[in-house]
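> I have a structure I would like to understand better, so I am pasting it below and will then ask my questions one at a time.
Each reported figure results from applying straightforward, stated rules to the coordinates on display, with no laboratory input. As the structure is a computational prediction, the values presented were derived from the model and not from experiment. Here Cβ is always computed from backbone atoms with ideal geometry, including for glycine, and neighbour counts include all displayed protein chains.
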Amino acid sequence: MFFCRAIVFMGMLSSLAFAAAPVTSVPPVIDGFTSIISVLSSPVTFGVLIGELQTSKVSSLLDKHTGDKKITLLAPTDKALNDFGQLGALRGTPLLEDFLKFHILEGTWSRKRLRSNRAAKTVGGKALQTKDLGKILYSIEVDNGMIHVIEKVVLHPDVKKKLNIK
């Protein structure tokens, strides 16, 4: 059964990833996957993100939250991460972990909740200004929380300062 859901999920990601027009309608919410990390392991959209999460060991945060301790991942697409152009400067430094943790929120955050609140607390203890999120392309509900696929990276002011980004 899990295998069948994974095939359907990968097919949906493929169709979203290669659609000629941007996703404008309410995106699919897919449930039944065991963890955020299992969804990200799909090679369709998240190759860069999963690589950075595993390199920094932040991926362990995405597997261990169960029960009442849910999390929400703001998952930039591979295109967003490649367009950011600063991953090389972050690799091998504590800034990579800070950068990735800034994309992980404590608790389950729906789209509506993100849009109706000014700030959300990240697992790194920092406040993310929700107005900085940009467009949420689609959302995926998983057993240990929620994934919102976003079209750009979000940066904490401290990381911006250290990278000389305005």
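> Counting other beta carbons within 10 Å of each residue's own, what order do LYS79, LYS162 fall into, fewest first?
In increasing order of surrounding Cβ atoms, one gets LYS79, LYS162.
> Which order do the peptides 102-114, 120-132, 137-149 take when ranked by the mean count of other beta-carbon atoms within 10 Å per residue, highest first? Working shown, then result.
Working: 102-114: 17.9, 120-132: 15.7, 137-149: 21.2.
Top of the packing list down: 137-149, 102-114, 120-132.
> If I model a spin label as a point 7 Å beyond the Cα along the Cα-Cβ vector, how far apart are those points for ASP132 and ARG115 in nm?
2.1 nm
> Of the options PHE99, LEU128, ILE150, report the single residue whose Cα projects farthest towards the positive end of the charge dipole of the range 81-163 (beta-carbon charges: Lys, Arg +1; Asp, Glu -1).
LEU128
> Exceeding 18 Å between C-alpha atoms, which entries from my cross-link table qualify? They are LYS79/LYS152; LYS79/LYS161; LYS121/LYS161; LYS70/LYS101; LYS70/LYS152; LYS57/LYS131. Mind dumping the intermediate values first?
Values: LYS79/LYS152 8 Å; LYS79/LYS161 23 Å; LYS121/LYS161 20 Å; LYS70/LYS101 14 Å; LYS70/LYS152 23 Å; LYS57/LYS131 28 Å.
Those over the limit are LYS79/LYS161; LYS121/LYS161; LYS70/LYS152; LYS57/LYS131.
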